[in-house]
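Right, one structure below, let's go through it.
The values are calculated or read from the model by the stated rules, or taken from the named source; none is laboratory data. The shown structure was predicted, so the numbers you read here are calculated from the model rather than taken from an experiment. Don't worry about glycine lacking a Cβ; one is built from the backbone with ideal geometry, like all the others, and counts go over all protein chains shown.
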Amino acid sequence: MSSAAPSQRRVVSWLRGAAITVVCLGFVLPLVWMFAAAFKTNVQVTDPSVGLVFSPTLENFSNVLADGEILRSLVNSLIVGAVSTVLSAIIAVPAAWAVGRFRMYRTGSLVLVARIVPGISLLVPWYYLFAQAGLVGSYTVLVLSHMFVSVPLIMWIMIGFFEGLPIELEEAARTDGLSAFGAFLRIALPLAAPGTTTASVLAFVASWNNFMFALIFSDENTQTAPVTLFNFISYASTDWGGLMAAASLMTVPVVIVAVLGQKYLVAGLTAGATKG
């Protein structure tokens with residue numbers, strides 16, 4: 001029995017490691033192919049016999065960067081993503097605290113409905129309203145449409161986080177003379193910093209990758225990176241090398257943010273699940 005148990009543990013450990021490796025490869029290999037294709041010619045990209053061993057070229061990047069369109073769209077994505085995330089956090093974090101502390105679950109359910117409703121079903125009425133207001137093609141309409149995704153996302157992440165914080169700390173602060181909202185600002189909000197960071201990063205990534213709203217509401221001056229990538233695809237042909245180069249440039253900032261914020265993301269995701 002004693003010799004069988006370590007053997008079983010080794011087998012389970014090996015199977016777990018193999019499963020993790022397969023999952024990681026499933027996520028990493030498409031990125032490796034994308035970055036490799038960015039340094040290939042269009043002929044090499046479409047040639048199955050050309051793998052990871054080839055003569056790299058920087059022509060795709062030089063062509064993509066030549067007109068400055070991809071850089072402009074990356075800046076637009078940064079502006080829209082940052083502004084929509086900040087405004088969403090200002091709205092969603094206090095709302096999540098109120099729902100979690102005062103058990104306003106019906107209000108929370110309404111926000112969940114907004115999270116479930118497909119955004120494409122709102123495009124026609126939104127476009128009509130925004131067109132009447134003269135906002136189509138502006139940063140304002142892009143920020144507002146992205147907040148439709150970011151506010152429910154941040155709110156539902158933070159509700160569970162605030163519910164996991166000890167309420168005794170806020171009660172003690174209120175005993176010392178603070179109002180309920182004052183206790184939120186001075187006690188709950190600092191303790192919720194890891195969760196707020198996590199939710200904000202996820203909301204920013206969702207905004208960065210959003211294609212549908214930007215395709216409909218932006219113009220040539222405000223279009224974001226996903227729309228610029230779509231322009232590499234035409235009816236007659238597809239510039240695969242340029243598309244992969246532009247996609248690589250779009251992916252690098254998100255990867256950098258994920259790597260630099262990994263510690264805070266893990267802390268935020270685990271703290272809300274283990275506190276209380």
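Data for the structure
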{"quantity": "Qualifying residue in segment 24-44 (condition: over 30 Å from Ala225 (Cβ atoms) and either out of contact with any Cys (no Cβ under 6 Å at 6 or more places or on another chain) or of a type in the set (Lys, Arg) (or both))", "calculated": "no"}
{"quantity": "Flag for Leu25 being loosely packed, with under 15 Cβ neighbours inside 10 Å and either within 19 Å of Ser248 (Cβ to Cβ) or touching a residue at least 60 places away in the same chain (Cβ under 8 Å) (or both)", "calculated": "no"}
{"quantity": "Filter result for Ser200 (among the hydroxyl-bearing types (Ser, Thr, Tyr), within 20 Å of Ala38 (Cβ to Cβ), in contact (Cβ under 8 Å) with a residue 40 or more places away in the chain and in a helix (DSSP H, G or I))", "calculated": "no"}
{"quantity": "Residue check for Val83: under 15 Å from the mean Cα position of the chain (by Cα) and in a helix (DSSP H, G or I)", "calculated": "yes"}
{"quantity": "Pairs where the first residue, in segment 54-79, is exposed (fewer than 14 other Cβ atoms within 10 Å of the Cβ) and the second is outside any helix (DSSP H, G or I) and hydrophobic (A, V, I, L, M, F, W, C), C-beta under 6 Å, 6+ apart", "calculated": "Pro56/Phe39"}
{"quantity": "Number of positions in segment 227-245 that are under 25 Å from Thr57 (Cβ atoms) and not in a loop (DSSP other than H, G, I, E, B)", "calculated": "11"}
{"quantity": "Leading residue by the ranking (modelled with the highest pLDDT) among those in segment 180-209 that are polar (S, T, N, Q) and touching a Gly at 6+ places or on another chain (Cβ under 6 Å)", "calculated": "Ser207"}
{"quantity": "Any hit, segment 171-179, residues being touching a Gly at 6+ places or on another chain (Cβ under 9 Å), surrounded by fewer than 15 Cβ atoms within 10 Å (Cβ to Cβ) and in a helix (DSSP H, G or I)", "calculated": "yes"}
